[in-house]
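The values are calculated or read from the model by the stated rules, or taken from the named source; none is laboratory data. Because the structure is predicted, anything quoted here is derived from the model rather than measured. Backbone-built Cβ (ideal geometry, glycine too); neighbour counts: all protein chains shown.
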Amino acid sequence: MNTSTLLSVDDVSMHFGGLRALDGVTLEVRPQQVVGLIGPNGSGKSTLINVLSRIYEPTGGMVRLGGRDMAGIPVSAVPSLGITRTFQNVRLFPTMTVRDNLRMGTTSATRSGFLSAGLKLPSARREEAQIQTQVEEIAQLLGLETQLDRVAGDLPYGLQKLTELGRALVSSPMLILLDEPVAGMNPSEKQALVAALKRVRAARSVAFLLVEHDMVFVMSLCEYLYVLNFGKLIAQGLPEAVRAHPGVIEAYLGGGHAAH
Ligand SMILES: Nc1ncnc2c1ncn2[C@@H]1O[C@H](COP(=O)(O)OP(=O)(O)O)[C@@H](O)[C@H]1O
Ligand SMILES: [Mg+2]
């Protein structure tokens, strides 16, 4: 493992009964790098995100964050270790405001205990002020500053996705896992998300593992790409080289794949 590796995935497999959703996957993400993971539907992309966020315990292999083996770490502890995520289908609290949804992203590391908060101790008030500042800065960065008091469920889809990204950002993670962020977006929503992600990259030291089916979107953001097909990595490299790879063209355009 390279010493500058943030996330290392080493020979990871995830089997569901006889189905090998992931089959010996090895990849790495360096600090502040934007890495894309692409592949046809059913190739194992979401499964990898679920393994990395500890929803699934992998059948084999090892995942390390900053050199530390993640085996046995509970799902609830993952954000405080520095990994947050968004979901393929937007998951917000629809009746809550954008502001409160963003606040939900703060981890126990940034939140005071209930007792000190309830007693309005100075430490709790300081933290509260910090959280508010952080939420407002993130909203500004994502262009959500005028939406903070709106109910999340009332927002157009593109803004809901940005709110979800904001929630993943407020704890200042080292790595954000994005599962098909542009799925279901129209072209202008896609453009807005690309622009927001570029602003985030410029302003924050955070790495992204961007899982996507949409090759054009991935090409516009990623520094390095991995390609999954039927649970196995079939190619990796710089985006231009990967796009021209015959196996990748075959996986995307060739037959043999039931489109979901
Ligand atoms: N919890 C699960 N139980 C059984 N099979 C699963 C489960 N999750 C995913 N799969 C299967 O694993 C394969 C990879 O799925 P997934 O990771 O969702 O693909 P992708 O995100 O690339 O479209 C698919 O065949 C899917 O049906
Ligand atoms: Mg998926």
Within region 54-83, the count of residues that are modelled with pLDDT of 95 or more and hydroxyl-bearing (S, T, Y) comes to 2
Among the numbered conditions (1) in contact (Cβ under 8 Å) with a residue 40 or more places away in the chain; (2) away from ligand 2 (no atom under 11 Å from the Cβ); (3) part of a loop (DSSP other than H, G, I, E, B), tell me where I55 comes up short.
(1)
If G60 meets every condition in (1) touching a Ser or Thr at 6+ places or on another chain (Cβ under 6 Å); (2) within 12 Å of ligand 2 (Cβ to nearest atom) apart from one, which number is that one?
(2)
Filtering region 209-235 down to residues that are away from ligand 1 (no atom under 16 Å from the Cβ) and either buried (at least 16 other Cβ atoms within 10 Å of the Cβ) or modelled with pLDDT under 85 (or both) yields V216, M219, L221, C222, Y224
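Taking the condition in contact (Cβ under 8 Å) with a residue 12 or more places away in the chain, surrounded by fewer than 17 Cβ atoms within 10 Å (Cβ to Cβ), away from ligand 2 (no atom under 16 Å from the Cβ) and of a type in the set (S, T, N, Q), does T84 pass? Quick ask: steps written out before the conclusion?
Working: in contact (Cβ under 8 Å) with a residue 12 or more places away in the chain: yes; surrounded by fewer than 17 Cβ atoms within 10 Å (Cβ to Cβ): no; away from ligand 2 (no atom under 16 Å from the Cβ): yes; of a type in the set (S, T, N, Q): yes.
Answer is no for this residue.
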Qualifying position, being closer than 21 Å to E180 by Cα, modelled with pLDDT under 95 and assigned by TED's automatic domain parsing to the domain that holds S205, among N2, N41:
N41
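Within region 2-48, take every residue that is of a type in the set (S, T, N, Q), touching a residue at least 24 places away in the same chain (Cβ under 8 Å) and more than 14 Å from ligand 1 (Cβ to nearest atom) and give me the one that is nearest to A71 (Cα to Cα). Can you show your working first?
Here is the first cut: in region 2-48, the ones of a type in the set (S, T, N, Q) are 2-5, 8, 13, 26, 32-33, 41, 43, 46-47.
Still in the list and also touching a residue at least 24 places away in the same chain (Cβ under 8 Å): 2, 4-5, 8, 13, 26, 32-33, 41, 43, 46-47.
Filter once more, keeping what is more than 14 Å from ligand 1 (Cβ to nearest atom): 2, 4-5, 8, 26, 32-33.
Values: N2: 20, S4: 21, T5: 18, S8: 13, T26: 16, Q32: 24, Q33: 24 Å.
The selected residue is S8.
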Per the list (1) hydroxyl-bearing (S, T, Y); (2) at pLDDT 95 or above; (3) within 16 Å of ligand 1 (Cβ to nearest atom), residue check on T163 breaks on (3)
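Results for (1) over 17 Å from P40 (Cβ atoms); (2) outside any helix (DSSP H, G or I), shown as yes or no for each residue.
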| position | (1), (2) |
| --- | --- |
| E145 | yes, yes |
| L177 | yes, yes |
| P181 | yes, yes |
| M185 | yes, yes |
| L197 | yes, no |
| M219 | no, no |
| V227 | no, yes |
| Y252 | no, no |
Would you mind finding the one in A202, A196 that is exposed (fewer than 14 other Cβ atoms within 10 Å of the Cβ), more than 16 Å from ligand 1 (Cβ to nearest atom) and either over 22 Å from T97 (Cα atoms) or in contact (Cβ under 8 Å) with a residue 40 or more places away in the chain (or both)?
A202
Might you check whether a residue that is in a helix (DSSP H, G or I), at pLDDT 95 or above, touching a helix residue (DSSP H, G or I) at 6+ places or on another chain (Cβ under 7 Å) and not assigned by TED's automatic domain parsing to the domain that holds G42 occurs anywhere in region 147-154?
yes
Cβ-Cβ under 9 Å, sequence separation 6+ or interchain: first residue in region 233-249 and among the acidic types (D, E), partner surrounded by 12 or more Cβ atoms within 10 Å (Cβ to Cβ). Which pairs?
E240/M219
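When region 236-250 is examined, which residues are found to be in a loop (DSSP other than H, G, I, E, B) and surrounded by fewer than 16 Cβ atoms within 10 Å (Cβ to Cβ)? Walk me through how you get there before you give the answer.
At the first step, the residues of region 236-250 found to be in a loop (DSSP other than H, G, I, E, B) are 238, 244-245.
Hits for region 236-250 are L238, A244.
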When you check R91 against the structure, is it surrounded by fewer than 20 Cβ atoms within 10 Å (Cβ to Cβ), within 16 Å of ligand 2 (Cβ to nearest atom), of a type in the set (D, E, K, R) and at negative phi, yes or no?
yes
So which of S112, S188 is buried (at least 18 other Cβ atoms within 10 Å of the Cβ) and modelled with pLDDT under 95?
S112
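Taking the condition within 16 Å of ligand 2 (Cβ to nearest atom), modelled with pLDDT of 95 or more, of a type in the set (G, A, S) and farther than 13 Å from G231 by Cβ, does G36 pass? Full working, then the answer.
Details: within 16 Å of ligand 2 (Cβ to nearest atom): yes; modelled with pLDDT of 95 or more: yes; of a type in the set (G, A, S): yes; farther than 13 Å from G231 by Cβ: yes.
When the stated conditions are applied, G36 passes them.
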